[in-house]
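**Q** The following block contains the structure, expressed as structure tokens.
The values are calculated or read from the model by the stated rules, or taken from the named source; none is laboratory data. All values derive from a computational prediction rather than experimental measurement. Every residue, glycine as well, gets a Cβ built from its backbone with ideal geometry; the counts of neighbours run over all protein chains shown. Side chains included, ligands, DNA and RNA excluded: accessible areas come from the protein's heavy atoms. Shrake-Rupley method; radii C 1.70, N 1.55, O 1.52, S 1.80 Å.
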Amino acid sequence: MPSLPLPFFTALFLCFILLRLVAGYGRKLPAMLLVTICLYALQSVLLGIKWGMGGLPSWSTAGLALLLPPATWLSFLQLTNRFSKKAISWTAGATAASFGVLVVAPNFNIPSLIDLTSVAVYLGYGALFFRSATVKQWEWTSHLPLDQMFPTRQAQLIAGAVFSTSALVDLAVASDFALNRGSHAATIVGTANLVMLVALITLVVLMSRKPSVQQQPVTQVEAEKVSATPEQVELVDALDQLMRSENLYRDENLSLDKLARKLRVPARQISTAVNTVQEINLPQYTNGFRVAEACHLLETTDTPITAIIYEVGFTTKSNFNREFQRVTGKSPSAWRKESRTSGATEPA
């Protein structure tokens, strides 16, 4: 039984995740990502031919199945500026080894070896995505734009879960063919696809849902209620002054590394201090300054909202609207309208 590539909806969702990161970074479509999306599209075509007309050699779908995880991994590396010769060499070597098994197994009449290789590849890359997304291994994100730190980690966790789940389903189907001649294979695949589709729909809803409204970051007086050390409070004060004096928040590519170099303290120390003292994460903290300036511009100028978005440091309209709603509880247009109305009714 040839190894099963990712189901159509799962592949479509992975493409959505990758494109969402591209939109967040405000970049053009990277070359590796374009190749990866083409591979997912080709997979959909081959699956349609295989199950609709048949006649495809088993190595075509099995070979494509072995290409999808490394291509997705390289796409993530390119998106996060970790695309190096070493990474390419390592990935190419591992892929060549898996294709070697694909070539050798039929000659020795060991078809199950292909399935085991596919499972190993998918589990391996699933583990690699999980490892990259863990807190301990997450220090590489300190050079990313602040607003992309959490979406990138989220995307890697999703990719890790997708590849790991696909490997387990493939293993279950292969076992069924070995033990029961595939009598339960259709049920296993159908149930797994249904569960995965429901899970992916749930994730899309959760990722699209607006967070609950939150007021402005806590003040210094409120910060004293938080169990923070004096050093942490002092560090956040210094960060506040730096943000206001140099308008660092206007830099759409502002990263934790840049802040660490400015303050001459470890990056993790800054993140921990903001989390502890302000009780919000660093991207929310930075966006608080951006929203504050946006409010000022909405009140005092006629600058179009679309221009204000980029002037204060946001890269996308959706992120601006979401963060503006989180901080103020209103939409940008409503804020401008209400500020103009209240100004017009004030006595001279």
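**Q** If Rh is defined by the Kirkwood formula over all Cα pairs and Rg also comes from Cα, what ratio Rg/Rh do you get for segment 242-302?
**A** My calculation of the ratio gives 1.02.
**Q** So how much slack lies between Phe99 and Asp237, counting 0.36 nm per residue of separation and subtracting their Cα-Cα distance, in nm?
**A** Length gained, Phe99 through Asp237: 44.1 nm.
**Q** Whole-Hz Karplus ³J(HN,Hα) for segment 183-197, in order, using 6.51 cos²θ - 1.76 cosθ + 1.60 and θ = phi - 60°, x for Gly and Pro?
**A** Along segment 183-197, the couplings run 5, 10, 4, 4, 5, 4, 5, x, 5, 4, 5, 5, 4, 5, 5 Hz.
**Q** Same structure again: How big is segment 78-164 on each of its three principal axes, counting only the C-alpha atoms and giving the largest first in Å?
**A** Per principal axis, max minus min of the Cα coordinates gives 52, 27, 18 Å.
**Q** Still on this model: Hey, what's segment 239-348 come to in accessible area per residue, 1.4 Å probe, Å²?
**A** 50
**Q** Explain nothing, just compute: Karplus ³J(HN,Hα) = 6.51 cos²θ - 1.76 cosθ + 1.60, θ = phi - 60°, for every residue of segment 261-275 in order, whole Hz, x for Gly and Pro.
**A** 5, 5, 8, 6, 9, x, 4, 5, 5, 5, 4, 5, 5, 5, 4
**Q** Which ³J(HN,Hα) values in Hz, rounded to whole numbers, follow from the phi angles of segment 115-122 under the Karplus curve 6.51 cos²θ - 1.76 cosθ + 1.60, where θ = phi - 60° and Gly and Pro get x?
**A** Once rounded to whole Hz, the list reads 5, 5, 5, 4, 4, 4, 5, 5.
**Q** Something else now. Under a plain spin-label model, where a point goes 7 Å from the Cα along Cα-to-Cβ, how far apart in nm are Thr316 and Ser44?
**A** Using points 7 Å along Cα→Cβ, the separation is 2.0 nm.
**Q** A follow-up question, please. For the ranges 300-313, 148-161, what's the packing order if you count other beta-carbon atoms within 10 Å of each residue, average per peptide, and put the highest first?
**A** 148-161, 300-313
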